[in-house]
1. Please grab the % of Cα pairs in region 104-161 that end up more than 13 Å from each other.
2. Per residue of region 70-86, what does 6.51 cos²θ - 1.76 cosθ + 1.60 with θ = phi - 60° give for ³J(HN,Hα)? Whole Hz please, x for Gly and Pro, Karplus curve as stated.
3. Per residue, how many Å² of accessible area does region 24-143 show with a 1.4 Å probe?
4. Roughly how many percent of the accessible protein surface of region 27-116 is carbon and sulfur, given a 1.4 Å probe and a whole-percent answer?
5. When all alpha-carbon pairs of region 49-196 are counted, what percent fall beyond 27 Å?
6. Given R₀ = 35 Å, what would the calculated FRET efficiency be for residue 177 paired with residue 112, taking r from the Cβ atoms and rounding to 0.05?
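The values are calculated or read from the model by the stated rules, or taken from the named source; none is laboratory data. A quick note: this is a predicted structure, and the numbers were derived from the prediction, not measured. Quick reminder, even Gly has a Cβ in these numbers, built from the backbone with ideal geometry, and neighbours come from all protein chains shown. For the accessible areas, the whole protein counts, side chains as well, though only heavy atoms, and no ligand, DNA or RNA atoms are used. Shrake-Rupley method; radii C 1.70, N 1.55, O 1.52, S 1.80 Å.
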Amino acid sequence: MSKTISGNGEMDGSNLVVGVVGSNCVVIAAEKCNSSQNSVCSLDGQITVAWSGQSHDSLKIVEKAKLYTNSIHGLNSPANRIAEFLIDPDIRVLNNLPTLPYTEHFMVASCDQNERFLYVTDTYGTISHVLACAIGRESELITNLLAQNYSSANRGIFGAIELALKALCMIVEPDTKFIEISVTAFNRPFETPSSGSKAFYDTVTDL
């Protein structure tokens, strides 16, 4: 599976999610469905999942994935296996969730000692291994912006965060109540910089 800068389709009215593979991390910047509902979570401290689309369906299958990654069957699963799990038709039927075409897109991130991984799924169950992408509303526009400016992602964690946030805020109002960021890096605890932190506030409001 080759790595690309890719947009994985648009769904009208769905929240925008942007993912960027940096030189030493993977950053996801996401528009929240509402101020109290997150669109990004860590499954096991090593794998990060974000979603765009039907919030209730997404949360249900993400919770199942979290249980899977913490079970004997799914422990230490790679990110691509989790992407497969999220769109597995059999698992979705068992949990009374829609199958093809899917009502949501997923983004799955992880890092190991040698490489950073970012996978996205689309409405038809295709999984793509990407360097930078957007899912949700206006994803094609944002993916083009990521492609044009991807070199800035190689300036460490802050370069990747800045690129992801700038891309997201081309569409999303730069209001910290409705934006969340995750940083996934090897040997580093899963991080979601607090929307109340000065660094996060300054980054968003400077866009």
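1. Summing the P(r) tail past 13 Å for region 104-161 gives 67 percent.
2. Result, rounded to whole Hz: 9, 9, 5, 7, x, 4, 6, 5, x, 4, 5, 5, 5, 4, 4, 4, 5.
3. With the other protein chains kept in place, region 24-143 gives 42 Å² per residue.
4. The computed percentage sits at 47.
5. 24
6. Efficiency for this residue pair is about 0.55.
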